[in-house]
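K.L.:
Structure below; questions to follow.
The values are calculated or read from the model by the stated rules, or taken from the named source; none is laboratory data. Note that the structure is a prediction, hence the values are computed from the model and not measured. Every residue, glycine as well, gets a Cβ built from its backbone with ideal geometry; the counts of neighbours run over all protein chains shown. Ligands, DNA and RNA are excluded from the accessible area calculation, which covers all protein heavy atoms including side chains. Shrake-Rupley method; radii C 1.70, N 1.55, O 1.52, S 1.80 Å.
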Amino acid sequence: ATSNGQAGLTGADESVIESSGSRLNTLGITVGNGASVTACFARDNTNDGIQTGTGCTVTGCQAYGNGDDGVSLNQKSIADNCTATLNAGNGFRATAAVANIHGCTAASNGMDGIIAFYGSHIANCVLNDNGGDGIEVGSDSYVLSNVSSGNAGAGIRANNNDNRIDSNTVSDNARVSS
C-alpha cells in the first residue's frame, strides 16, 4: 500500500496481515486487539511504521525510515525477530505494560532502540547506534542476553526498581548504564 494519505494497511481486532508492505503513508500498518502482523514491512511513513492494539503479535517484520517509532506495541503485545532501522523516533516502543520483545534489532533510530514500560521482557536483541538509550525499561522488567553498543544514551537504563538485568553485553555507549 503506497501513498494512501491515511494508514497504508489497517486490520480490525483479531485480524491477520501477512507478507504485505506499506510505504509513504501517514501511518504504515495498524491493527486492533489480538491481531497478528507477519513478514511485513513499513517504510518511509510519516508517523509510526507498525502500530498494534492490545495482545498483538508482530513477527519477522521490518520498519525503516518512518517519521516516528518503527514498531509501537500496546499492552501485552509481542515483537519477535523484527528489525527497526533509521526511524526518527524509537525503534520499538511499548506504549503500555507487559510487552515482550525478543530477537529484534534496532539500529540508528533517532531515539531509544527499545523503550518499554513495567513488566516487560526484552531478550536476545541487538541495539546499535541509536540516538538515545539502547534499552530503557520501567519497573518489574526482565532484560536478558541483549547486545547494546554505540548508543548516544545508556546501553541499558532501568528507570525504576525490581528489574532483573542479566547476561547482557553493553559497550561503547555514551552514558553509563543504570
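K.L.:
What ranking do 109-116, 4-11 get when scored by the average of other Cβ atoms within 10 Å per residue, highest first?
P.N.:
Details: 109-116: 26.5, 4-11: 17.2.
Highest mean packing first, the order is 109-116, 4-11.
K.L.:
What distance in nm separates the simple spin-label points at S108 and A12, each placed 7 Å from Cα in the Cβ direction?
P.N.:
So the two model labels end up 4.0 nm from each other.
K.L.:
Between S149 and L24, take the C-beta separation as r, use R0 = 30 Å, and let me know the FRET efficiency to the nearest 0.05. Write down the numbers at each step before the final one.
P.N.:
Details: r = 32 Å, r/R0 = 1.06.
The computed FRET efficiency comes out at 0.40.
K.L.:
With equal scatterers on the alpha carbons only and no solvent term, can you work out the Debye log10 of I(q)/I(0) for the stretch 1-140 at 0.09, 0.19, 0.20 1/Å?
P.N.:
Log-scaled intensity ratios, in q order: -0.20, -0.95, -1.06.
K.L.:
Please report the carbon-and-sulfur percent of the accessible area for the chain; probe 1.4 Å, protein heavy atoms only, DNA, RNA and ligands left out.
P.N.:
Numbers: 3230 of 7190 Å².
Result for the chain: 45 percent of the exposed heavy-atom area is carbon or sulfur.
K.L.:
What whole-number value in Å² describes the accessible area per residue of the stretch 21-73 for a 1.4 Å probe?
P.N.:
Working: 1630 Å² over 53 residues.
Each residue of the stretch 21-73 exposes 31 Å² on average to a 1.4 Å probe.
K.L.:
Continuing with this model, one more query. Provide, as a two-decimal number, the C-alpha radius of gyration of the stretch 17-79 over 2.2 N^0.38 Å, N being how many residues it has.
P.N.:
Working: Rg = 10.1 Å, N = 63, 2.2 N^0.38 = 10.6 Å.
The reported ratio for this selection is 0.95.
K.L.:
Relative contact order, percent, of the chain when contacts are C-alpha pairs under 8 Å separated by at least 6 residues? Working shown, then result.
P.N.:
On the way: 692 pairs, mean separation 20.4, N = 178.
This gives 11 percent for the chain.
K.L.:
Please say if the stretch 98-178 is rounded, prolate or oblate, where rounded means a/c under 1.5 for a ≥ b ≥ c the square roots of the C-alpha gyration tensor eigenvalues, and otherwise the choice is prolate for a/b larger than b/c and oblate otherwise?
P.N.:
Working: a/c = 1.55, a/b = 1.39, b/c = 1.11.
Cα axes put the stretch 98-178 in the prolate bin.
K.L.:
Provide the FRET efficiency to the nearest 0.05 for the D172-A96 pair, computing r from the beta carbons and using R0 = 45 Å.
P.N.:
Numbers: r = 31 Å, r/R0 = 0.70.
Efficiency, from the Cβ-Cβ distance: 0.90.
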